[in-house]
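Have a look at the structure below before the remarks.
The values are calculated or read from the model by the stated rules, or taken from the named source; none is laboratory data. Not measured: the values here are computed from a predicted model. Counting neighbours? That spans all protein chains shown, and the Cβs are built from the backbone with ideal geometry, glycine included.
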Amino acid sequence: MDFLIGKLEEDIEYLYSQGKRVDMIKMNPEIYEHFIQSRQDVPNMDIPVEADENVEKYELVYSVIQ
């Protein structure tokens, strides 16, 4: 789970550096369950997270910062 959290943080920082804001994180339901169970170790990202069976691992939903 630490690898996933690190990767999420990297991807979010990259998108932010490109002028984009992450509005939501969608995760595969299995990964989502592990993510929620380990939430006490997850830094507070203030980004909604939801399970989506159509996602292989995770997906970032973003918009352009204006």
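Test TYR14 against the criterion of being hydroxyl-bearing (Ser, Thr, Tyr) and in contact (Cβ under 8 Å) with a residue 12 or more places away in the chain, and give yes or no. Let's see the steps before the verdict.
Working: hydroxyl-bearing (Ser, Thr, Tyr): yes; in contact (Cβ under 8 Å) with a residue 12 or more places away in the chain: no.
No: the conditions fail for TYR14.
Applying the criterion of being closer than 20 Å to MET1 by Cβ and among the acidic types (Asp, Glu) to the residues of segment 21-33, the residue that is modelled with the highest pLDDT is GLU30. For segment 43-65, filtering for residues that are out of contact with any helix residue (DSSP H, G or I) (no Cβ under 8 Å at 6 or more places or on another chain) and either within 21 Å of GLY6 (Cα to Cα) or surrounded by 14 or more Cβ atoms within 10 Å (Cβ to Cβ) (or both) leaves 7.
Could you grab me the full set of residues in segment 1-32 that are farther than 14 Å from GLU59 by Cα and in contact with a Phe, Trp or Tyr (Cβ under 6 Å, 6 or more places away or on another chain)? Matches in segment 1-32: LYS20 only.
Determine which member of the set ILE25, ILE12 is outside any strand (DSSP E or B) and surrounded by 15 or more Cβ atoms within 10 Å (Cβ to Cβ).
Working: ILE25 fails: outside any strand (DSSP E or B).
Being outside any strand (DSSP E or B) and surrounded by 15 or more Cβ atoms within 10 Å (Cβ to Cβ) holds for just one of ILE25, ILE12, which is ILE12.
Just one residue in the set PHE35, PHE3 is surrounded by 14 or more Cβ atoms within 10 Å (Cβ to Cβ), assigned to a helix (DSSP H, G or I) and free of Cβ contacts under 8 Å to residues at least 40 places away in the same chain; that residue is PHE35.
Yes or no, residue by residue, for (1) at pLDDT 95 or above; (2) in contact with a Ser or Thr (Cβ under 7 Å, 6 or more places away or on another chain); (3) acidic (Asp, Glu):
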residue	(1), (2), (3)
MET1	no, yes, no
LEU4	no, no, no
LYS7	no, no, no
ILE12	no, no, no
LEU15	yes, no, no
GLY19	yes, no, no
PHE35	no, no, no
VAL42	no, no, no
MET45	no, no, no
